[in-house]
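The values are calculated or read from the model by the stated rules, or taken from the named source; none is laboratory data. Note that the coordinates shown come from a computational prediction; the quantities given were computed from them, not determined experimentally. For neighbour counting, all protein chains shown are included, and Cβ atoms are generated from backbone atoms with ideal geometry for every residue, glycine included. These accessible areas exclude ligands, DNA and RNA; they are computed on the full protein's heavy atoms, side chains included. Shrake-Rupley method; radii C 1.70, N 1.55, O 1.52, S 1.80 Å.
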Amino acid sequence: MMDGEIFTTTLVPPGNTTPNSSMTLEQKTTFAFVILLFIFLGILIVRCFRILLDPYQSMPTSTWADGLDGLEKGQFDYTLA
């Protein structure tokens with residue numbers, strides 16, 4: 001404290017004034033953004049648990065031999081010899 005100055009805190013409103021309970025635009029935007037992040041996090045958690053419970057559901061049904069040109073399925077072993 002310099003020269004007898006009194007510092008007041010803004011955490012407690014003085015005397016008879018009532019605190020303003022309305023949110024500012026920045027607070028509303030931040031609140032909406034946090035809510036959207038929680039929704040996104042919930043969707044990701046559900047997706048991860050679904051993959052953990054049934055990992056083969058998201059795999060394609062085709063096999064590695066589908067893309068071979070000029071070979072029938074099951075003939076790959078004979079072409080190596």
### Message
Name the residue that is modelled with the lowest pLDDT, counting only residues in the range 38-76 that are of a type in the set (Phe, Trp, Tyr), in a helix (DSSP H, G or I) and over 20 Å from the mean Cα position of the chain (by Cα).
### Response
Phe76
### Message
Can you go through Thr24, Thr79 and tell me which one is of a type in the set (Ser, Thr, Tyr), modelled with pLDDT of 65 or more and out of contact with any helix residue (DSSP H, G or I) (no Cβ under 7 Å at 6 or more places or on another chain)?
### Response
Thr24
### Task
Quickly run through the range 27-56 and pick out the residues that are of a type in the set (S, T, N, Q) and either open to solvent by less than 90 Å² (accessible area, probe 1.4 Å) or touching a residue at least 12 places away in the same chain (Cβ under 8 Å) (or both).
Thr29, Thr30
